[in-house]
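The values are calculated or read from the model by the stated rules, or taken from the named source; none is laboratory data. Just so it is clear, the structure is predicted and the values come from calculations on it, not from any experiment. Here the Cβ is made from the backbone with ideal geometry for all residues, glycine too, and neighbour counts use every protein chain on show. Note: accessible area is taken over every heavy atom of the protein model, side chains too, but ligands, DNA and RNA are not part of it. Shrake-Rupley method; radii C 1.70, N 1.55, O 1.52, S 1.80 Å.
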Amino acid sequence: MSAVLIDGRQYAADLSARLADEVEELVRTGVRPGLATVLVGNSYPAHAYERRVRRLAQRVGCHYVCEALPGEAAEADALAVVGKLGADPRISGILILRPLPAQVSEASLYRALDPVKDIESVHPISAGLLALGRPRYVPSTPASVFHLLDRYLTESGREPARTYARSNLVVVGRSANVGKPALMLAMERGATVVSCDEHSHRAGLLFEHTARADILVVAAGVPGLIRGEHVKDGVIVVDVGINAIRDPSSGTVHLIGDVDTEDVVARAEAITPVPGGVGPITDVWLLRNTVTAARLAKGIGASLAGTEGLRLQSAGT
Ligand code: NAP
């Protein structure tokens, strides 16, 4: 068996084309969605993400601003920026880029967000709504995981709801921004869900569970954690991990996932590549949530792009 490589770039291109049409339509009615990013310090991944989001925002026709602060900025300065963006009517959604420097508390910045502009659902109120199954916005990475899975299942001739209902779905990693919301989306779809983390690995339980997965979502940030011997034949694998590896001889950096793709490809039915799997869809989903925020602010409902099968999406109060 040699697995299908699920083309996240194509899925992302389809979504962004629909989003661009939707933004054009909104602009005609006098509503231009606006995204703001808050960037503190010089973290390479945060800057790389900011550049990608900026390009995409411009491409789909959204207003965009980046509020950049130096790495030594005080927490009070970052809080003031978040407050200013919250009061700015041109801004529909705010993304706080991670990692933040040690003196700036992530939790404090999240609490300072206006929940209506909290497009990654990190404010405690947003996280609570998500846990209750009534989020305004499904965080972009887990939303992308299930957009990708729903579409792949449909295109491979299966009914997603029936497939999830018969699946053991294992999520490796349980961070607040990726693993936990992915578990909630999986439960919402009726899958039998297992959560594994570093403790499971240390206790020797991790691979017992991954070997039983029909659908395996890996978001641990550990390069090559999952190999062929850790999965069963026919599994569908979504590799969320993005790990930058520097070649010591050339100094060049390349990205790899949490799954040893070359090894797993012989056993899996389908797998997402890194790069080119979940990542490109995540970027578009952030803009999609921004468009939803603009629509909600005007009382005209959620973004229309990519709603199929996302039962949790845009049900928020
Ligand atoms: P994180 O906050 O560091 O969380 C990592 C999670 O993985 C934790 O729950 C941790 O367990 C668990 N873990 C760590 N080592 C493990 C091991 N050996 N076995 C099993 N579980 C282990 O990371 P994150 O923000 O969720 O990101 C995870 C990965 O996804 C990273 O590579 C990140 O770059 C990538 N990512 C990709 C996208 C995208 O769009 N594709 C978006 C966001 C993140 P404990 O809870 O026990 O510590």
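The set of residues from region 20-59 being loosely packed, with under 14 Cβ neighbours inside 10 Å and among the aromatic types (F, W, Y) comprises just one member, Y44.
For region 181-211, the set of residues classified as part of a helix (DSSP H, G or I), out of contact with any Lys or Arg (no Cβ under 8 Å at 6 or more places or on another chain) and more than 11 Å from the ligand (Cβ to nearest atom) consists of M184, L185, A186, M187, E208, listed by residue number.
Within region 156-209, restricting attention to residues that are among the acidic types (D, E) and within 22 Å of I6 (Cβ to Cβ), the residue that is least open to solvent (accessible area, probe 1.4 Å) is E188. Every test in (1) surrounded by 14 or more Cβ atoms within 10 Å (Cβ to Cβ); (2) more than 16 Å from the ligand (Cβ to nearest atom); (3) touching a residue at least 60 places away in the same chain (Cβ under 8 Å) is passed by L148 save one, and that test is (2). Against the list (1) over 30 Å from E269 (Cα atoms); (2) outside any helix (DSSP H, G or I); (3) within 16 Å of the ligand (Cβ to nearest atom), the condition V138 fails is (1). The residue that is surrounded by the most Cβ atoms within 10 Å (Cβ to Cβ), counting only those in region 69-119 that are among the basic types (K, R) and in contact (Cβ under 8 Å) with a residue 24 or more places away in the chain, is K117.
Considering only residues that are small (G, A, S), part of a loop (DSSP other than H, G, I, E, B) and within 14 Å of the ligand (Cβ to nearest atom), look in region 223-250 and name the one that is farthest from S156 (Cα to Cα). Step through it out loud before you land on a result.
First, pick out the residues of region 223-250 that are small (G, A, S): 224, 228, 234, 241, 244, 249-250.
From what's left, part of a loop (DSSP other than H, G, I, E, B): 224, 234, 241, 249-250.
Among the residues that remain, those that are also within 14 Å of the ligand (Cβ to nearest atom) are: 224, 241.
Details: G224: 27, G241: 24 Å.
Only one residue fits best here, namely G224.
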